[in-house]
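To keep things clear, I will list the structure first and then write my remarks on it.
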Amino acid sequence: MILLRLPAGGVLVHSPTWLGEDTVAQVEAIGEPRVLFAPNHFHHLSVPRFRERWPGAMIVAGRDAIAGLKKRGHESAVPVDVATPLLPPGAHWLECQGTRAGETLLSLDGQAGRTWLACDAFFNVQRPVTGVVGFALRALKTTPGLCIGQTFNWLALRDRRVYREWVLAALDREKPTALWVSHGETVTRPDLPEVLSQLVRARV
């Protein structure tokens, strides 16, 4: 879960995640949720608990994720564009083409370049993962280090060629220098566009 402060007050919650009894205190220490962002139709399980605590927060997702979210009971979910006026200056949505899960990234402006917030499109699990879980994660190519998981190709993509062309064009256009991910550690490096492009060409 990533919390982004909004210029008019409150926060956007990227991939709402219930962390236990102190979740409310941890979130409200940063700000009151105004936007609950489901970055695809898989990352929605904690949304009802967040809405129960903060009923005024809107639920947003990429257009290709909306139908899946409504089938899962989130009838009030609306396209991300509705929340665009609340974003910081220079921020915008990147709705991935060629996906069936509606994977959507959030692109932010920063002093050192652009930052991408991603959910399942990229993994960067740096800690050692052992045992049965480690074996499964390695088999699914979600570890070690910066990866594109096999589950993303299997479950999230509708047209791999379309997605590959879209994300390569987005990397060339945006040239992000930082990547924040739902699964793993933040990556910050000046050659990030080249690294991610090579990864996409090899794994998608």
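Since every read-out is calculated from the coordinates, none of them should be taken as a lab result. What you are looking at is a predicted structure, and each value in this text was computed from that prediction instead of being measured. Please note: Cβ atoms are built from the backbone with ideal geometry, for glycine as well, and neighbour counts cover all protein chains shown.
Ranked by the mean number of other Cβ atoms within 10 Å of their residues, highest first, the peptides 34-41, 20-27, 160-167 fall in the order 34-41, 160-167, 20-27. Peptide packing for 47-58, 111-122 was compared via the average number of neighbouring C-beta atoms within 10 Å per residue; ordered from the highest value, the list is 111-122, 47-58.
With the Cα gyration tensor of region 90-204 in hand, convert its eigenvalues to equivalent ellipsoid semi-axes via √(5λ) and list them largest first in whole Å.
Numbers: eigenvalues 100, 61, 28 Å².
Over the Cα atoms of region 90-204, the ellipsoid semi-axes are 22, 17, 12 Å.
When the chain is treated as a Gaussian network with alpha carbon springs shorter than 10 Å, the biggest mean-square fluctuation among Gly110, Gly149, Gly90 belongs to Gly90.
May I ask for the Rg/Rh ratio of region 1-88, computed from Cα atoms with Rh as the Kirkwood radius, given to two decimals? Write out the running numbers ahead of the final one.
Working: Rg = 12.0 Å, Rh = 12.8 Å.
My calculation of the ratio gives 0.94.
Return one number: the angle in degrees, 0 to 90 and rounded to the nearest 10, between the long axis of the Cα atoms of helix 160-174 and the longest principal axis of the Cα atoms of the chain. Long axis of 160-174 versus the principal axis of the chain: about 80 degrees. For a test of the definition: using alpha carbon positions, the gyration tensor, and the 1.5 limit on a/c, classify region 37-116 as rounded, prolate or oblate. It is oblate, given that a/c is not under 1.5 and a/b is not larger than b/c.
Which of the three applies to the chain, rounded, prolate or oblate, going by the alpha-carbon gyration tensor with a ≥ b ≥ c and a/c under 1.5 meaning rounded? Don't skip to the answer; put the middle values down first.
Details: a/c = 1.43, a/b = 1.31, b/c = 1.10.
It is rounded, given that a/c, with a ≥ b ≥ c, falls under 1.5.
Between helix 192-203 and the chain there is an angle of about 70 degrees, using the helix long axis and the longest principal axis of the Cα atoms. Ranked by how many other Cβ atoms sit within 10 Å of their own Cβ, fewest first, the residues Val195, Val60 fall in the order Val195, Val60.
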